[in-house]
Amino acid sequence: MTTTVPLRRLVDVIDCAHVTAPFVDDDRRFPVASIRECQGAYVDLSHCKYTTQEFFDHLRASDRAPRTGDLLFIRNVSVGLVSAVAPGTPEFAVGQETVLLRRTSEVDPTFLRYALVGAEANYAVESAMIGSTFRRINVSAIRALPVALPPPEEQRVIANYLDRETAHIDTLIGEQQRLIEMLRDRRVATVAEALDGYEQTQLRRLVDHDRPMTYGILQCGEPVDGGVVYIGPSDILGEGVSPNRGALRTTAPEIAGAYKRSVLEGGDVVVSIGPAYGKVAVVSDDLAGANLTQDTVRVALRPDLVDTRFIVWALLSRQTAEYWDYQIMGATFRRLNLGTLARTPIPLPAIHEQRRIAAYLDEQTAKIDTLIAEAERFIELSRERRSALITAAVTGQIDVREVA
């Protein structure tokens, strides 16, 4: 018979030390586990951060040293992640986002972990969360989380069933994730190979002399109803896709009027510089008269020399990324400036060849994007099935003895 009990009846909920530990690079003896280390069934310290011995001892004081079989429950930001401490895990401390769950009952630890990540538990956690921008759950609310608890022998059967079934689903998800990585690599290589083998010129030599490359408004001020729309790096979302006019911010006509040099026309290319460099848009006709921020550059191309879509692919290519990385290597702050953008090498085949290459890359990358989207959808559905299977098993909606 299944009964529902509050979590505090099954475990001690041990809050972390509320102190910000400094992280060090030169001493890897004192690991700290937090959100990144709790992404799977077991705590993984492979990429954890390290602190000093003084803070390590402080974080583990007052019974906060994790033990084999303890569960780590994330209560800030990625709320509801639960990972177990496996036998053989090196000594570590827990960070500020974490509480320890230490058994005080005969509940099966593997069953409890599944019970805390199922859909019903997620709903209970979501209902108990506080904060609008910084979502979190209090320790008292964690202690009150309801847990549906079947008899001990049934807990072990359910845990064994879910270990087997979720491992199979996780394997399928891992295969799709590797496929996505391969497809993204192929996409980059396809673009790079199509642009190889041509003579090059600098980007600035392909620009209309009457409308030179320039950045935009230094201080845009507060938004103004009916004002002049302007484009910043955060407005550029696609590869050569124009920003949506309705989503753009506005500035006062008096401010925009002082920056006539950076007024846009339909067909202009806009490239982000500054720290968020490398985004590329082609301005749609309805944005004629719009302006730019100081971290975006207008590139008014000469249509007799270059095809706009070809330039978009050239600016998004691996060759251009490597050139920019080399030019800003060693800088304290990684930023692309107008001068470096203007000197960017651009392959320059005949314009009919540019159009052929651009059409080829549009077609090939669209095919690869479709395959990536299909793989991402498979992963999404698999994760939904995984969650539903856990919920059905731990709540008794399926009899795992019949399907085992």
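Enumerate the helices (runs of 4 or more DSSP H) found wholly within region 61-144, keeping only those where 1 or more residues are more than 19 Å from Leu10 (Cα to Cα) and open to solvent by less than 80 Å² (accessible area, probe 1.4 Å).
On the way: elements: 109-117, 119-128, 139-143.
Here the list reads 119-128.
Within region 108-148, work out how many residues are among the hydrophobic types (A, V, I, L, M, F, W, C), modelled with pLDDT of 90 or more and out of contact with any helix residue (DSSP H, G or I) (no Cβ under 6 Å at 6 or more places or on another chain).
5
Taking into account only those residues within region 382-404 that are open to solvent by 40 Å² or more (accessible area, probe 1.4 Å), part of a helix (DSSP H, G or I) and of a type in the set (A, V, I, L, M, F, W, C), which is modelled with the lowest pLDDT?
In this case the residue turns out to be Val403.
Regarding Glu153, is this residue in a helix (DSSP H, G or I), without any contact (Cβ under 8 Å) to a residue 60 or more places away in the chain and surrounded by 12 or more Cβ atoms within 10 Å (Cβ to Cβ)? Show your work before the answer.
Details: in a helix (DSSP H, G or I): yes; without any contact (Cβ under 8 Å) to a residue 60 or more places away in the chain: yes; surrounded by 12 or more Cβ atoms within 10 Å (Cβ to Cβ): no.
No; evaluated as a whole, the condition is false for this residue.
Look at Arg64 and say whether it is over 24 Å from Ala124 (Cα atoms) and either free of Cβ contacts under 8 Å to residues at least 24 places away in the same chain or of a type in the set (A, V, I, L, M) (or both). Don't jump to the end; show me each part of the working.
Details: over 24 Å from Ala124 (Cα atoms): yes; either free of Cβ contacts under 8 Å to residues at least 24 places away in the same chain or of a type in the set (A, V, I, L, M) (or both): no.
Spelling it out, it is not the case that Arg64 is over 24 Å from Ala124 (Cα atoms) and either free of Cβ contacts under 8 Å to residues at least 24 places away in the same chain or of a type in the set (A, V, I, L, M) (or both).
Can you name every residue in region 287-303 that is more than 15 Å from Gly227 (Cα to Cα) and either open to solvent by 10 Å² or more (accessible area, probe 1.4 Å) or in a strand (DSSP E or B) (or both)? Steps first, please.
Of region 287-303, the ones more than 15 Å from Gly227 (Cα to Cα) are 294-303.
Those that are more than 15 Å from Gly227 (Cα to Cα) and either open to solvent by 10 Å² or more (accessible area, probe 1.4 Å) or in a strand (DSSP E or B) (or both): Gln294, Asp295, Thr296, Val297, Arg298, Val299, Leu301, Arg302, Pro303.
What tally of residues in region 253-279 results from selecting those that are free of Cβ contacts under 8 Å to residues at least 12 places away in the same chain and open to solvent by 80 Å² or more (accessible area, probe 1.4 Å)?
2
Going by the conditions given, is Leu145 under 30 Å from Ala256 (Cβ atoms) and aliphatic (A, V, I, L, M)? Step through it out loud before you land on a result.
Details: under 30 Å from Ala256 (Cβ atoms): no; aliphatic (A, V, I, L, M): yes.
Judged against the criteria, Leu145 is not a match.
Residue under question is Thr296, and the condition is that it be within 15 Å of Tyr277 (Cβ to Cβ) and not hydrophobic (A, V, I, L, M, F, W, C); does it hold?
On the way: within 15 Å of Tyr277 (Cβ to Cβ): yes; not hydrophobic (A, V, I, L, M, F, W, C): yes.
Considered against the rule, which asks whether it is within 15 Å of Tyr277 (Cβ to Cβ) and not hydrophobic (A, V, I, L, M, F, W, C), Thr296 comes out as yes.
Can you tell me which of Tyr114, Tyr123 is within 26 Å of Thr68 (Cβ to Cβ) and among the hydroxyl-bearing types (Ser, Thr, Tyr)? Step through it out loud before you land on a result.
Details: Tyr123 fails: within 26 Å of Thr68 (Cβ to Cβ).
It is Tyr114.
The values are calculated or read from the model by the stated rules, or taken from the named source; none is laboratory data. None of these values were measured; they are calculated from a predicted model. We place every Cβ from the backbone using ideal geometry, glycine too, and count neighbours over all the protein chains shown. Side chains are part of the model used for accessible areas, which takes the heavy atoms of the whole protein and leaves out ligands, DNA and RNA. Shrake-Rupley method; radii C 1.70, N 1.55, O 1.52, S 1.80 Å.
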